[in-house]
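Notes follow the structure.
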Number of protein chains: 2
Amino acid sequence: MGKQNTTVHEVAKRTGVSIATVSRVVRGVGQVSPETRQRVQEAIAELGYRPSRFGRALVERRHSALGIVFPGLAGPYYSEVIQGFEAEAVTARQSVLIFGTHLLEQSEDQVLDMASRVDGMAIMGGTLSNECVQTLIDQEVPIVLLARHPMPNVPTVRVENTQSTRDITLHLLTTHGYDPIYFIGNPTGSPDTTDRWEGFVAAHRQVGREPGALIRVGFQQADGVWAISQILEAGELPRAIVCANDEIALGVHAALTARGVRIPEQVALTGWDDIPMARLIAPALSTVCQPTRELGSQTAKLLLARIKGELDEPPDVVLPTEVIIRQSCGCTHEAATNGQRSF
Amino acid sequence: MGKQNTTVHEVAKRTGVSIATVSRVVRGVGQVSPETRQRVQEAIAELGYRPSRFGRALVERRHSALGIVFPGLAGPYYSEVIQGFEAEAVTARQSVLIFGTHLLEQSEDQVLDMASRVDGMAIMGGTLSNECVQTLIDQEVPIVLLARHPMPNVPTVRVENTQSTRDITLHLLTTHGYDPIYFIGNPTGSPDTTDRWEGFVAAHRQVGREPGALIRVGFQQADGVWAISQILEAGELPRAIVCANDEIALGVHAALTARGVRIPEQVALTGWDDIPMARLIAPALSTVCQPTRELGSQTAKLLLARIKGELDEPPDVVLPTEVIIRQSCGCTHEAATNGQRSF
DNA sequence: ACGTTTACTGTAAACGTTTACTGTAAGCGT
DNA sequence: ACGCTTACAGTAAACGTTTACAGTAAACGT
């Protein structure tokens, strides 16, 4: 709204009716005679009138907008989740305000600011400190946690991480007999990764082995490359690598390929997310598929219900994931399967 | 703001002062005796009062927020631009509302909606139809175009595309003598790509040759993979490939490597953007570096000036780019240079 | 002692909507 | 002709701020 020039009053004066009538025409409610409606609509068109969000929001006491705060990392995963969220919001005639923290610490103020522009917000992953989330709760901002560990009395939507990562790690350990297996990712960087690391450890315990080394890096392709250089600098390559997500795995794949290391003959590899590129590299990446889009849409649904006050007992929705076996783990093309559903 | 319970009135009543005084304390302007200030601040803390955006925005007639609409594609380029934009906005104490169109057509309504929540907006690339932009202009929404061809009377920020793409193409054509050279990307998909394709064609004309084939695909890694399968299906590989961006080049790189095609011995390759992964693949990617972050920050600066009405003649800012020669074009490590600045 | 400045605080009018309530005239059944 | 319903339209009071203006008391200079 550039200048916000025209108001109901001007439309009313021009048409010779009261502002109440104009308001009724604009919103299509109440009773207005066809000819009056017609005249008002003409005046609206001529003057280019658009109702001010200010006035409307003030009296309606709501913004008709949802917020989502996410780490702001590039990559198809985040993009997909947000699309799912938006799609659901749009059908409920709500706008979506996106805020990417870029993993910066000083973003608390900005989050609070966003809270004053929306009717409720979704908080994705470990983007915000628990104190910050608590502040939001104290201010009675309706929130739902997305891909984050639940907090008391807050609805949560996430995917099953531990069991599926345990399964895929067990696949490497027992089906293929690999040893040692490294984990690349930062378990303290996101709740999802925390759980995946836990699954990785659980698999090793289950077969009575010590978990392999943890290479603690970020979430992007470049981090995967960096991890490999770290590993090589430190000594030998492991027999297999479990990556916290596909982006890292893509970086690892590129780095290993660049150095002539053969996957999976020398080093086997798995990812997480099943992004489009996963099936396009050679060998195709064994990974875990999560319902990314549904994650977003479920979150939006819950948030909308929360705002309406329809949520009695805040649920902790855990969506199922699926281990996808391709070739990077060492399976042959024929053996590859899209089966094992976790949770 | 969940319930937006407390108002100035309650704080005022509790403290025994008028709402004007409360307002003065909150905003830190005007004269208030230290002890009154103290009492008011205590009441504010106790009641957890936070001023309502509604009321404030209504009387101040501004949102204190900037909007940015972008394609919503995954990848570090967009992420960087937005970070630059946000950084600048934050220093001007403005919030940023992000809207990703996801290249969907039906987004006009949502853009208009966003326009009613911000004081001005940046429009990135070919995300919006010209009609839609014109609607915004007609509604006197302050806008600035980002990585898009200028429109009359609208400030624009973009980077130099044509000349640098011509330069890097000429490098392949003359320094290396490659022929034929293909172009992978969609010239109608974004204004940047339009200009890059133009530079590609210009280079060929300049040496009296016909431009090689255009493989029209999207902007992501998967599109690069797909392009290679298309090319192979159609017949021979070209001697070199110019990609519209680094993401595509990464996909092409992965696809060629997977098929055992040697880069640059059999097929040389260049990208655009100089994303972090560009230098990390083997051979390192020759590309064009653009000041991504500055693109975002300049845009925000211009937008802020535009909103304040400080912009007399809307400028068309074109930021310089730089050809980065690494090894994927066929240069040896020694020959690699970070020199040739375009524009 | 008196006018003038100074420091502080309050009153009330915006800002642009929505909406409960009231008013008016026409239509209708008897 | 009379009362009752119905369809339409207007009045005015919110909603939660900011801010121009006015008011009051103390301090100060002469």
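Observations, loosely collected:
- By the count of other C-beta atoms within 10 Å, a proxy for reagent exposure, A:H253, A:H102 are ordered fewest to most as A:H102, A:H253.
- Part-to-part distance (alpha-carbon centres) for segment A:193-250 and segment B:197-231, which is given in Å: 38
- In degrees, nearest ten, helix B:34-47 long axis to first principal axis of chain B (Cα): 70
- Neighbour-count ranking [beta-carbon atoms within 10 angstrom, fewest first] of A:L295, B:L103: B:L103, A:L295
- Only one residue of A:G296, A:S286, A:P152 has its Cα farthest out toward the positive end of the dipole of the protein assembly as shown, where Lys and Arg carry +1 and Asp and Glu -1 on Cβ, and that residue is A:P152.
- Kirkwood Rh, angstrom, segment A:1-43 [1 / mean 1/r, Cα pairs]: 10.5
- Think of it as helices only: each DSSP H run of n ≥ 4 in chain A is worth -39500 (n - 2.57), and spread over all residues that comes to -12500 deg cm²/dmol at 222 nm.
- Theoretical FRET efficiency, 1/(1+(r/R0)^6), r = Cβ-Cβ of A:R50 and B:R50, R0 30 Å, to 0.05: 0.60
- On full extension, the segment bounded by A:D138 and A:S33 gains 33.0 nm, given 0.36 nm per residue less the C-alpha separation.
- Charge-dipole axis of segment B:181-278 as Lys and Arg at +1 and Asp and Glu at -1 on Cβ define it, positive-most pick from B:M277, B:G189, B:A213: B:A213
- Taking every Cα-Cα distance in the protein assembly as shown and sorting them into 10 Å bins from zero, the calculated P(r) comes out as 3, 14, 21, 23, 19, 11, 6, 2, 0 percent.
- The amide H of A:I184, built 1.01 Å from its N in the peptide plane, has A:I215, A:V242, A:C243, A:A244 as neighbours under 5 Å, considering only residues 5 or more places off or on other chains.
- Note on the protein assembly as shown: antiparallel DSSP beta bridges, both residues inside, total approximately 15 percent of the bridges counted.
- Net charge over other residues, Cβ less than 13 angstrom from the Cβ of B:L304 (K, R count +1; D, E count -1): +1
- Note, ³J(HN,Hα) from phi for segment B:262-269, Karplus 6.51, -1.76, 1.60, rounded to Hz, x at Gly and Pro: 8, 9, x, 4, 9, 9, 8, 8
- B:R209, A:R24, B:R262 arranged by Cβ crowding within 10 Å, fewest neighbours leading: B:R262, B:R209, A:R24
- Computed about its Cα centre, the charge dipole of chain A is approximately 1280 debye, with only Lys, Arg, Asp and Glu carrying charge at their Cβ.
- Loop sites in segment A:234-334: GluC sites (Glu not before Pro), DSSP, at most 15 other Cβ within 10 Å: A:E236, A:E265, A:E310, A:E334
- Sequence-distant contacts, meaning Cα pairs under 8 Å at least 6 residues apart, place the relative contact order of segment B:1-43 at 35 percent.
- Distances between copies at B:R279, taken between label points 7 Å from Cα along the C-beta direction, are 3.6 nm in increasing order.
- Model label points for A:N130 and B:N130, set 7 angstrom from Cα along the Cα-to-Cβ axis, are 5.7 nm apart.
- Rounded to the nearest 20 debye, the dipole magnitude of the protein assembly as shown is 1680 debye, with +1 charges on Lys and Arg beta carbons, -1 on Asp and Glu beta carbons, and the Cα centre as origin.
- Across chain A, the mean sequence separation of Cα contacts (distance under 8 Å, 6 or more residues apart), normalised by length, yields a relative contact order of 17 percent.
- Electrostatic bookkeeping for A:V40 treats Lys and Arg as +1 and Asp and Glu as -1; over the other residues with beta carbon under 13 Å from its beta carbon, the sum is +2.
- The lysine pair tally for the protein assembly as shown, using Cα distances under 22 Å and a gap of 8 or more places or different chains, is 6.
- Relative contact order (%) - segment A:63-149, alpha-carbon pairs under 8 angstrom, separation at least six: 38
- Remark: label point of A:G48 defined 7 Å out from Cα along the Cα-Cβ vector; separations to the same position in other copies 4.3 nm, ascending.
- The separation of segment B:157-187 from segment B:1-80, counted between C-alpha centres, amounts to 52 Å.
- Where labels lie 7 Å past Cα in the beta-carbon direction, separation of A:S229 and B:N153 in nm: 5.2
- Placed amide H near B:V144: partners under 5 Å, 5+ positions off or other chain: B:M121, B:A122, B:I123
Only the coordinates and a few stated rules stand behind these numbers; no lab work does. Since this is a predicted model, take the numbers as computed values, not measurements. Note: ideal-geometry Cβ built from the backbone for every residue, glycine included; neighbour counts use all protein chains shown.
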